[in-house]
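The values are calculated or read from the model by the stated rules, or taken from the named source; none is laboratory data. The shown structure was predicted, so the numbers you read here are calculated from the model rather than taken from an experiment. Note: ideal-geometry Cβ built from the backbone for every residue, glycine included; neighbour counts use all protein chains shown.
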Amino acid sequence: MTNGKRLFYDKTKPFTKPVKYFNRFKVTNEVKIPKAYILKQGWWKILERLKDNTIEFTIFKNDTTIAVEEQHIKEYKTRTRAYEGHYPHYNTTITTSKKEITFKKGDIYIPVNQQGARYIMETLEAEATDSFFNWNFFDSVLQQKEGYSSYVFEDIAEQFLKENPTIKDSLELKIKNDKSFAENPRAQLDFVYKNSPYYEPAHLKLPIYKVY
């Protein structure tokens, strides 16, 4: 037992006070609400949580080609201490591009216009505070599994830049404006690699697509 004071409630004198219900956040970022999200099959932990929260979805019965918005993780930071069994990410930003993609039979189509719309937005939008990405459910996309050997790729990179002057101009501009980059040949070669068709397509790409 300590020598500090203890707190007790006087149950003979009940006290009532209205408490404000805060149901909104202050806006720091905005996104356009899509018609639906498409989740690649195989992400069972995500699917289980959608089911647990009674989120309605359908499963493609055939391979289907749809115009969608593809998403890549651009930047993020990660907590250095565990919280609720995770090391959550934060300050996440993404880049997007519009593509026509053929989804496989078994991929999941999640319409937003339903009772659980708020849950869908707050978990499937990677930049949202409590997104599945920020809670580490998609960490495998952060790991680059493929790479290159410099002595092999240098000749390929040289030919690639000759055939792609736009990428070459971007490289030269970055060398001109970024001193540390200009002094780092390895970073320069990596820049070419990441802008080439040889770069691992799944790296940093979220398995979630937006349909508008």
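What the table shows:
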| read-out | value |
| --- | --- |
| Residue tally, condition in a strand (DSSP E or B), under 17 Å from the mean Cα position of the chain (by Cα) and surrounded by fewer than 16 Cβ atoms within 10 Å (Cβ to Cβ), over region 92-149 | 5 |
| Region 51-91, subset of a type in the set (S, T, N, Q) and assigned to a loop (DSSP other than H, G, I, E, B), residue surrounded by the most Cβ atoms within 10 Å (Cβ to Cβ) | 53 |
| Total residues in region 77-91, condition over 18 Å from the mean Cα position of the chain (by Cα) and among the aromatic types (Phe, Trp, Tyr) | 1 |
| Members of region 150-164 that are part of a helix (DSSP H, G or I) and not acidic (Asp, Glu) | 150, 151, 152, 153, 156, 157, 159, 160, 161, 162 |
| Single condition residue 189 does not satisfy, out of (1) modelled with pLDDT under 80; (2) assigned to a helix (DSSP H, G or I); (3) touching an Asp or Glu at 6+ places or on another chain (Cβ under 9 Å) | (1) |
| Residues satisfying the stated conditions in region 78-119, i.e. among the basic types (Lys, Arg), touching a residue at least 12 places away in the same chain (Cβ under 8 Å) and over 18 Å from residue 34 (Cα atoms) | 104, 105 |
| Filter pass, residue 48 being closer than 21 Å to residue 122 by Cα, in contact with a Lys or Arg (Cβ under 6 Å, 6 or more places away or on another chain) and either surrounded by 15 or more Cβ atoms within 10 Å (Cβ to Cβ) or at pLDDT 95 or above (or both) | no |
| Some residue of region 165-184 being at pLDDT below 90, aliphatic (A, V, I, L, M) and within 25 Å of residue 70 (Cβ to Cβ) | yes |
